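Reviewing the structure listed below.
The values are calculated or read from the model by the stated rules, or taken from the named source; none is laboratory data. Since the structure is predicted, the reported quantities are computational estimates derived from the model, not experimental observations. Please note: Cβ atoms are built from the backbone with ideal geometry, for glycine as well, and neighbour counts cover all protein chains shown. Surface accessibility is based on the protein's heavy atoms, side chains included, excluding ligands, DNA and RNA. Shrake-Rupley method; radii C 1.70, N 1.55, O 1.52, S 1.80 Å.
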Amino acid sequence: MNVVILISGRGSNMQAIVNAKIAGADIKAVISNRPDAAGLKWAKEQGLTVDSLNHQDFPDRASFDQALMKKIDVYRPDLVVLAGFMRILTPEFCHHYEGRMMNIHPSLLPSFPGLHTHEQAIAAGCKIAGCTVHFVTEELDHGPIISQAAVPILPYDTAEDVANRVLRCEHQIYPQAVADFVSGSLQLIQGQSINMRKHAQGQEQLLN
Ligand code: GRF
């Protein structure tokens, strides 16, 4: 399956996915909206095709998304992976990749969409934080949930402590979600994320 990964920054989730060497996943390109994204340099060093499209060169969101779609579609993607891609997407973009685009968000959605999730979780007194992989719909940080992982929030944790703990989980569940999609066990069916691998293993035994 052809996979295109979109990043904006350091790209540690992208690295986890690349390093997982997922059978059947042909990573066609890593594309960033920030030409100076650290993750691009790493991807290039791995011999991957890298590209960038600076959103600041476009007058509005719609024209950027159109141009990005054109760039992505050159690679005929079966799956588009948003890995720390810090852009709000137009409905057109979301519909175009419906059922074949996933995102990771560092909270247990539907709690705390958007930015500063860890600060919000700490301020709310939550004892658990986590991350969510989901299919992308036009509503920001929403969409059918593919998988989640949870970690404790400990006394005196800073947002950075929680972010680091959650990030380790992100690096586990995101490659697994990509692998499940590529193997065909994960699909979006009638608006629901269905994973036959988990079904077969017995969902009650699994945390993610
Ligand atoms: C991750 O925490 C991800 O969940 C969020 O942005 C961060 C990106 O980190 N959307 P990286 O670029 O993958 O290292």
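In the stretch 151-174, the residues that are open to solvent by 30 Å² or more (accessible area, probe 1.4 Å) reach residues that are more than 12 Å from the ligand (Cβ to nearest atom) with C-beta atoms within less than 7 angstrom, at least six apart or across chains, in these pairs: Pro152/Lys127; Pro152/Ile128; Arg165/Val151. For the stretch 6-27, a residue qualifies if it is closer than 25 Å to Cys131 by Cβ, more than 10 Å from the ligand (Cβ to nearest atom) and within 18 Å of the chain's Cα centre (by Cα), and the qualifying residues are Leu6, Val18, Asn19, Ala20, Lys21, Ile22, Ala25, Ile27. Consider Gly39 carefully, then state whether it is assigned to a loop (DSSP other than H, G, I, E, B), within 13 Å of the ligand (Cβ to nearest atom) and either modelled with pLDDT under 95 or open to solvent by less than 40 Å² (accessible area, probe 1.4 Å) (or both). Answer is no for this residue. Residues in the stretch 48-74 that are under 21 Å from Val182 (Cα atoms) and open to solvent by 50 Å² or more (accessible area, probe 1.4 Å): 3 in all.
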